[in-house]
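Engineer: Quick one: structure below, then a few questions.
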C-alpha cells in the first residue's frame, strides 16, 4: 500500500554526471537537466530534506582520452572540478524552478561556491534548501559513490538513493538477458557475494558499516523518484 506521506524525511540523492547528458555524447543537455530538476522539485514539495552528490563523468568523458597515462591523482582532481561545473548547472536549474539550492564544495573555490561545512549543510537542510555537494570527497582515489556514502552518513540521511538509467538491480543485464529479473531488495552481504557492482567497494562498505540503506532506481523513468520517496515498490533496496 502506498503511504500517505513520504517514508523518508532526509535523503541523499546520488546523481551521475552521465544522468545530465541525455542522448548527447558528453556535456550537459539542458532539457535533461530541467526534467531531472522537475523530479527533484516534486519531492522537495512533499517536505523532504534533500542533498545531492553529483558526478562528473559527462564532462570528464570529453577529456578522458587526454588523461590516458596521466597521473591518477591529477586526473581525479580534474574529475572533481567537473563535478563543480555540474553542481553549478544543477543549482541554476533548481533556482529557475523556484527551489533554493546551495552548492558546497569539498575543494576550496570560494569565489565560485562555498566550502563544505557540515553544520552549515545541516542548517540549509533544516531550512528547506537543497544542498548540492560538489568535488567528491576532496580526495583523489575516491569515487563520487564514496562521497555519497560519506555525505549521507555525515548529514544523517535515512537512505542513499542512487539514480541510474536502469530501474533497479537485476540478476543479469536486462538489455542482454530477457530472463533477467529485478531484485526488490537484498542485503549488502548478498549484493557483495553476488558481485552485483552496485557501488564501488569503499562506498558499499561505508554504507553497510553505517547501516545506511541504498536504493537504486531510474532517474529517466518519470515519477520514479517520487514513488521511491512515497515508499512504493520502485527500484531495488539494499539494506544492512
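None of the figures in this text is laboratory data; all of them are computed from the coordinates on show. These figures come from a predicted structure and were not determined experimentally. Cβ placement follows ideal geometry from the backbone for every residue including glycine, while neighbour counts extend to all protein chains displayed.
Engineer: Provide 8, 222 in ascending order of the number of other Cβ atoms located within 10 Å of each residue's Cβ, fewest first. Write out the running numbers ahead of the final one.
Structural biologist: Details: 8 21, 222 12.
So the ranking, lowest neighbour count to highest, is 222, 8.
Engineer: Given a 10 angstrom Cα cut-off, can you work out which residue in 191, 172, 87 is the most mobile in a GNM of the chain?
Structural biologist: Fluctuation is largest for 172.
Engineer: Hey, in the GNM for the chain with a 10 angstrom Cα cutoff, which one of 208, 118, 227 fluctuates hardest?
Structural biologist: 118
Engineer: From the Cα gyration tensor of segment 53-176, with a ≥ b ≥ c the square roots of its eigenvalues, which class applies: rounded if a/c is under 1.5, or else prolate if a/b is larger than b/c, or else oblate? Mind dumping the intermediate values first?
Structural biologist: Details: a/c = 1.64, a/b = 1.18, b/c = 1.39.
Oblate, since a/c reaches 1.5 and b/c is not below a/b.
Engineer: So for the pair residue 126, residue 42, with labels modelled 7 Å out along Cα→Cβ, what separation do we get in nm?
Structural biologist: With each label point 7 Å from Cα toward Cβ, the separation is 3.1 nm.
Engineer: Per DSSP H run of n ≥ 4, the term is -39500 (n - 2.57); total these for the chain, divide by its residue number, and report the mean residue ellipticity at 222 nm rounded to 500 deg cm²/dmol. If you can, show how the numbers build up before the last one.
Structural biologist: Numbers: 8 runs with 85 residues, N = 240.
It lands at -10500 deg cm²/dmol.
Engineer: Quick check: from the Cα gyration tensor, does segment 127-174 come out rounded (a/c under 1.5), prolate or oblate?
Structural biologist: Working: a/c = 2.33, a/b = 1.46, b/c = 1.59.
In terms of gyration-tensor shape, oblate.
Engineer: Over the chain, calculate the relative contact order: mean separation of alpha carbon pairs under 8 Å at least 6 apart, over the residue count, as a percent. All intermediate terms of the calculation are to be shown ahead of the outcome.
Structural biologist: Working: 482 pairs, mean separation 57.2, N = 240.
Relative CO of the chain lands at 24 percent.
Engineer: Starting from the 7 Å offset along Cα-to-Cβ, what nm value, one decimal, do you get for the label separation of residue 180 and residue 210?
Structural biologist: So the label points at residue 180 and residue 210 sit 2.9 nm apart.
Engineer: If each of residue 23 and residue 68 carries a label point 7 Å out from its Cα toward its Cβ, how far apart are those two points in nm?
Structural biologist: Spacing of the two 7 Å Cα→Cβ label points: 2.9 nm.
Engineer: Looking at segment 10-239, what % of its DSSP beta bridges pair antiparallel, to the nearest 5? Intermediate results must be reported in sequence, preceding the final value.
Structural biologist: Numbers: 4 of 33 bridges.
If I count the DSSP bridges inside segment 10-239, around 10 percent turn out antiparallel.
Engineer: Taking Cα extents along the principal axes in Å straight from the coordinates, which label in [x] 64, 32, 32; [y] 69, 36, 27; [z] 48, 44, 36 is the correct one?
Structural biologist: The value computed from this structure is option [z].
Engineer: Please give the Cα centre distance for segment 172-191 versus segment 5-39, rounded to the nearest Å.
Structural biologist: 23 Å
Engineer: Hey, what did segment 1-130 get for relative contact order, percent, Cα under 8 Å, at least 6 apart? Numbers along the way, then the final one.
Structural biologist: Values: 159 pairs, mean separation 32.9, N = 130.
Result for segment 1-130 is 25 percent.
Engineer: Same structure, new question: Test of understanding: ordering 26, 225 by Cβ neighbours within 10 Å, fewest first, what list do you get? If you can, show how the numbers build up before the last one.
Structural biologist: Working: 26 16, 225 25.
Ordered by Cβ neighbours within 10 Å, fewest first: 26, 225.
Engineer: Kindly identify segment 132-234 as rounded, prolate or oblate by the Cα gyration tensor criterion: order the square roots of the eigenvalues as a ≥ b ≥ c, call it rounded if a/c is under 1.5, otherwise compare a/b with b/c, prolate if a/b is larger, else oblate.
Structural biologist: Working: a/c = 1.69, a/b = 1.37, b/c = 1.23.
The shape class here is prolate.
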